[in-house]
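The values are calculated or read from the model by the stated rules, or taken from the named source; none is laboratory data. Bear in mind the structure is a predicted one, so any value in this text is a computation, not a measurement. Cβ placement follows ideal geometry from the backbone for every residue including glycine, while neighbour counts extend to all protein chains displayed.
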Amino acid sequence: MLNELGIKGRILLLSLLPTCVMAMVLGGYFSWVQLSDMRTVLEERGQLIAEQLGPLASPALLRDDRVLLQRIAQDVLDQADVRAVEFISTDQKVLARAGPRMTIAIRNDDGETASLRSGLDVTHFHLPVQARHLKLITGEVNMPSSHLLGWIDIELSHHATLLRGYRNLVISMLLIIFGLCLTAIVAVRIGRSINHPLRVISDGVGHLKDGQLETRLPKDLGSYELDTLADGINRMAEAMQSAQEEMQNNIDQATEDVRQNLETIEIQNIELDLARKEALEASRIKSEFLANMSHEIRTPLNGIIGFTNLLQKSELTPRQQDYLSTIQNSAESLLGIINEILDFSKIEAGKLVLENIPFNLRDMIQDTMTILAPAAHEKQLELVSLIYRDTPVHLVGDPQRLRQVLTNLVSNAIKFTHEGTIAVRAMVEDEDDDHAQLRISVQDSGIGLSEQDRDMLFQAFTQADNSLSRQAGGTGLGLVISKRLVEQMGGEIGLESEPEEGSEFWITINLPKSRNPLENHRRLAVAGRRVGLVEQHELTRQSLRHQLEDCGLDVVEFETLEQLAEAVARQQKSEAAIVLAVLGVNSSTLPPDLLTERVWQLERLGCNSLVFCPTTDQAVFHAALPDVHCQLQAKPACSRKLERAVGELLNQRPTRTENTHHTRIDRAPRLLCVDDNPANLLLVQTLLTDLGAEVTSVDSGYAAVEAAQRERYDLIFMDVQMPGMNGRQATEAIRAWEIESERPSVPIVALTAHAMSNEKRALLQAGMDDYLTKPISDRQLAQVVLKWTGLRLQQNDAQEISPLSSSGADIANLAVLDEDEGLRLAAGKADLASDLLSMLLASLAADRQAIRSARENGDRIGLIERIHRLHGATRYCGVPQLRAACYQSETLLKQGAPTSSPILDELDAAIVQLSSTSKTPV
């Protein structure tokens, strides 16, 4: 019977089901209405409780009676459904609370209206208590009715209400389930008649969903309606199949278009990559060209400068001397320009490598100022350095590049300042245990710069004022190089300037602190002794005062020499006597004869004198002082030299031999030379002796330690690599003996033929004060002796030996024997050059045998030591091929090359070729 019914008949039959649905809806509706009514009653009851609490709590809120409020809150908490009660003051402070914390926060601060907020579990009432509530209790109130006394917060729990609602809901659900069961029985019987057609339709739709669009439903499903539905699904499947085929065609076309576009993009990327590589290659070629051209120009230029120095020593007419001076100045200027271009090309090529070695910031700044002082003093400029006391001076970085930046800034200040002062300041901006943020500034009183000039200043090959810059010269690269160097160190460089008001260049840089300071300055035993200071220039006076106070002295400033002399005479026999007078003078304000009179006047009163003058006036005052080496120093003051001079003058070192006449005898420096190579030792000893020094020579580290303990020397020249005890070990032994015996530290300068960056750092950390790289000229020796001892050697115009190029040379193309170079390396002494070459040739056979033996045994350390010894001997002889082979062999071995490296075969061939050229058997 049911099978004969169509969809319409079956819908009529199924219309009985809404009865059950209606029962569920009505049951749910009535349950919800009942639950809503109970919640409404609960809210009204809560509102009523809050309204009743207003008058009751108003007096307590007015008096801030927290005890009464707490009692009221506890009583209210006993009422049904009350979860928590709070009384809040007008300044939002909780005065009393009963029950747990409120779960719903309401803050309505208008003080006039009540607030209500309901959640799933609780309803929160927030009622303002006003003066009108108080009026209900006390009658008349002397305040407006709307005056706020506080708030009442009440939170009612829904648990009881929900429980009753859930009970009614369960009963309703039971009735609904019963009705559904009856409906299910009817639906099962009716569903059996339509289940099979629907399953067929469902399976067909499932196949279509899985992508089987060729699936079609049967046309006879038992009823007209289902047949119509199946026909519609079949037509839909046909439409979907057609759409899929069309979409696939579109996808294929789009894929082809994308492939063509990707090929076009790939071609463009290849073209861009080729263009980028061409640009990089052009930049590399430009940088290599600049570097190569700079080196090519420097080679003949060094020859020009060297032979100009030699020619100046010969007998020439005054006009010829002028011509040579012009040639030398022009060549040195050109060399400076070439060096700037070379540095710029290295920076542009990214091949400039910075060192990280310990250095002393104060010494670096003061040494730089000492070098630049003559140029400033020729223009009557005052040059001052101020290193603030809280500035860390023992740092780690690249002192040579930092000195290059500072030299450039100070040189520019000297160029463009015609009168006034140039001040260099160093201060700390920030520091921690490991690093220090420094600011170094160079301030001048020169012409200043406009805003337009400042914008152009740090551009390559650009100068701020071309007309002015042409007068001073320069390439326009100095500031660019300085900027790049500072940025590569991780710092910044900047400028503050106004036209006609001067300029201030500054750099900020963050450097690590040195955990092993290079030198520990000895505290002089002069604490509390008084020093009189006379210096007219304010900044120079401030700098001198700080340096003297750092020595532990009590400094008293005077305006004139007369005032100082009067104070010395007045306090001569008192405990506060002035024992040292520090004088800043110049020849324009104080004639030498007057200075001599004042100095001897002070000495008769028991007060020594230390005079500071411009470098241009040193020759003027040289004969005006009794002990010129100890009493005369150039401006700006160097702390190291100042400390040594104070120690000398205040009897911290052995007293000098005095002459009964007006002057004292100048003392020659006493020097100790240490080298295991007889040729090197002979050359250094000869050069120093010719310069007027008293020289003692020893050939081992053990002998050096014994000599240093036996006699007092002003300076020690120490070879680095020696058999037994090397130079570093000997230095450490000398330093340990000085500390143990409380002796002052003698300056030790390392002599080495091969010093890589890490080796230089190790030399300074071992206790050495400085290092010189062989070959060494008499000018270098005189400069380093003056730097560390303050004693001037006789010869100051000695020939400077240009650096020997060995690092990148093609050994096979170098000359085996160069007599002119040998003569130049021997400071123009033919006999000495012959002796040095003879000593080298005599040792070649033994050196070759030792090198071959070390190679066969795989003794890397012994091999390096022997090659280093031979390398040191070649640095003073004209043997370019052997010298280059030694240099490259030592460098590669120190970098880890095997003892079987082909470079050692080239070294052996160079030894054989030199021996055969000089007819010496090996």
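Can you pull out every residue in the range 580-622 that is surrounded by fewer than 19 Cβ atoms within 10 Å (Cβ to Cβ), under 19 Å from R529 (Cα atoms) and in contact with a strand residue (DSSP E or B) (Cβ under 8 Å, 6 or more places away or on another chain)?
Selection gives E603, G606.
Are any of the residues in the range 210-223 at pLDDT below 80, part of a loop (DSSP other than H, G, I, E, B), assigned by TED's automatic domain parsing to the domain that holds D91 and more than 26 Å from S115 (Cα to Cα)?
No; the residues of the range 210-223 include none that is at pLDDT below 80, part of a loop (DSSP other than H, G, I, E, B), assigned by TED's automatic domain parsing to the domain that holds D91 and more than 26 Å from S115 (Cα to Cα).
All but one of (1) of a type in the set (A, V, I, L, M, F, W, C); (2) modelled with pLDDT of 85 or more; (3) over 25 Å from A376 (Cβ atoms) hold for L632; which doesn't?
(3)
Residue by residue through the range 801-848, note down the ones that are within 18 Å of L893 (Cα to Cα) and either modelled with pLDDT of 80 or more or in a helix (DSSP H, G or I) (or both).
I811, D847, R848
Tally up the residues in the range 206-227 that are over 17 Å from Q244 (Cβ atoms) and surrounded by 12 or more Cβ atoms within 10 Å (Cβ to Cβ), please.
Summing the residues that are over 17 Å from Q244 (Cβ atoms) and surrounded by 12 or more Cβ atoms within 10 Å (Cβ to Cβ) in the range 206-227 gives 8.
Residues in the range 553-576 that are assigned to a helix (DSSP H, G or I), under 48 Å from the mean Cα position of the chain (by Cα) and more than 22 Å from G647 (Cα to Cα): how many?
Residues flagged as assigned to a helix (DSSP H, G or I), under 48 Å from the mean Cα position of the chain (by Cα) and more than 22 Å from G647 (Cα to Cα) within the range 553-576 amount to 1.
Take L893 and tell me if it is under 36 Å from the mean Cα position of the chain (by Cα), closer than 22 Å to A750 by Cβ and either touching a residue at least 60 places away in the same chain (Cβ under 8 Å) or not in a loop (DSSP other than H, G, I, E, B) (or both).
Considered against the rule, which asks whether it is under 36 Å from the mean Cα position of the chain (by Cα), closer than 22 Å to A750 by Cβ and either touching a residue at least 60 places away in the same chain (Cβ under 8 Å) or not in a loop (DSSP other than H, G, I, E, B) (or both), L893 comes out as yes.
Inside the range 123-163, can you point out the residues that are part of a helix (DSSP H, G or I) and touching a helix residue (DSSP H, G or I) at 6+ places or on another chain (Cβ under 6 Å)?
H133, L134, L136, I137, T161 - these are the residues of the range 123-163 that are part of a helix (DSSP H, G or I) and touching a helix residue (DSSP H, G or I) at 6+ places or on another chain (Cβ under 6 Å).
Among the residues of the range 720-747, write down those that are at pLDDT below 90 and among the hydroxyl-bearing types (S, T, Y).
S741, S745
Output the residues belonging to the range 698-723 that are surrounded by fewer than 20 Cβ atoms within 10 Å (Cβ to Cβ) and more than 41 Å from the chain's Cα centre (by Cα).
Hits for the range 698-723 are D699, S700, Y702, A703, E706, A707, Q709, R710, E711, R712.
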